[in-house]
Amino acid sequence: MTDHIMNIFNKNKGLLAKLTCAVIYFRECDYEKALILVAESTEGIREVTDAVLARVQYFEHVSVESVTEMLSGIMEAEKSRDYILLADLIELQVVRFLCNIQTLIVEREDFCAFDEEIYQKNLDAMKRKISRSTALFVRDAQERELRIGQVLRLLEADLYPEQLLEQGYCVEFTSCGEMTVGVPDIWGKTIYLHTNHHVAQESFLLARSWLLPGAKKYLVYGFGMGYVIRGLLELLPEDAVVVVYENDMNLLKLSCAFTDAGSLLDDRRLRVVYDPDCRFIRGALRNKDRETKVCIHYPSLCHLVQQESREILLDYLPWARSLEGC
């Protein structure tokens, strides 16, 4: 894959993240926030369309006329302040156009989403984050040293794709170009932790549903691939703290291998706790105050095999307990 094609692919991921969220804001008549996202995306859309039109042999199924018509329609709708039409054009034309480009690139290229150099960089960031987080939660110096050493050894151990597949894990491209992951659930099946479509939109909606006015601290069970955590941090003020508990080391390593985990882990508001026995999250739940919001990522909970811990977490998702009882 050439650098130009990779640049288009990566730029599209960012554009799709902004535009799918802009559509939600338009539907809610929050036009100011929607237009900010559209303005931030305008130049990127032009760059991508120009790059596509300059490579007509590669993108042979893309019509020059349709691209020109799409851009003209967007400009006219924005000029006329017809924000309902503008949202439709973005959702039905621009987002679809960008997703088609992503799909075409994945199909045409010998595309490997794994990059050893990026993986090691992300892994180093994960080591630093978990080490610092563990130091905050474990008071005994000897235990702290042992736990940090254990985590570092687990993170440094090689990933074996064949073993993960045998255990029920899978990693796949989504329509927006990000990666989703499937994991074994407690009922013996493989379930997805994230959508196969618009990852940023799903993460934005879930993260926003977790917001609580006045909350200063968020306790989250389930790191997944980090998408929802990123969405939550983007919505929170600078003085907020997000503590994420994850009991599956495979997921922490897969997020380093197949996402831009490094930029997420650099956020000083984020704590990541490797919690294989759910000891830390149980303690946090016992000691939480009124300014603390508990957020449970239900697909991650379906992956948790420890029944006692699962029952405790289900208390924060009464609807899930009702569904599972049917």
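The values are calculated or read from the model by the stated rules, or taken from the named source; none is laboratory data. Everything numeric here is computed off the predicted structure, so don't read it as measured data. When we count neighbours, we look across all protein chains shown, and the Cβ atoms used for this are built from the backbone with ideal geometry, even at glycine. Each accessible area value is taken on the protein alone, full model and side chains, heavy atoms only, with ligands, DNA and RNA left out. Shrake-Rupley method; radii C 1.70, N 1.55, O 1.52, S 1.80 Å.
Points worth noting:
- Estimated dipole of segment 234-289 in Debye, rounded to 20 [Cβ of Lys and Arg +1, of Asp and Glu -1, Cα centre]: 320
- Across the chain, the relative contact order, built from alpha-carbon pairs under 8 Å that are at least six residues apart, equals 17 percent.
- Accessible area (Å², per residue) of segment 89-218, counting only protein heavy atoms and a probe of 1.4 Å: 57
- FRET efficiency estimate (nearest 0.05) - Cβ-Cβ, M249 to K216, R0 30 angstrom: 0.55
- The chain - mean residue ellipticity at 222 nm from DSSP helices (-39,500 (n - 2.57) per run, n ≥ 4, rounded to 500): -18500 deg cm²/dmol
- Here D50 sits with roughly 100 square angstrom of accessible surface, probe radius 1.4 Å.
- E32 versus R153: modelled label distance in nm, points set 7 Å from Cα along the beta carbon direction: 5.5
- For T2, the accessible area of its heavy atoms, probed at 1.4 Å with every protein chain present, is near 80 square angstrom.
- Interchain or long-range residues, amide H under 5 Å from C176's placed H: V199
- Residue of R290, R269, R279 that the Gaussian network model of the chain assigns the largest fluctuation, springs spanning Cα pairs under 10 Å: R290
- Cut-off 19 Å, label 7 Å out along Cα→Cβ of A135, residues of segment 246-285 by amide N: 265-275
- The C-alpha atoms of the chain define a longest principal axis, and helix 199-210 lies at about 50 degrees to it.
- Charge dipole (debye, nearest 20) of the chain; +1 at Cβ of Lys and Arg, -1 at Cβ of Asp and Glu: 1400
- Taking 12 Å as the straight-line reach from the Cα of K217, the aspartates and glutamates in range (excluding those fewer than 8 positions away in the same chain) are E238, D239, D289, E291.
- The three principal axes of the Cα atoms in the chain give end-to-end lengths of 66, 43, 41 Å, sorted in falling order.
- Using a probe of 1.4 Å, the accessible surface attributed to I24 totals some 20 Å² when neighbouring protein chains are kept in position.
- Whole-number D in µm²/s for segment 1-130 (Stokes-Einstein; Kirkwood sum over Cα pairs; 37 °C, 0.692 mPa s): 203
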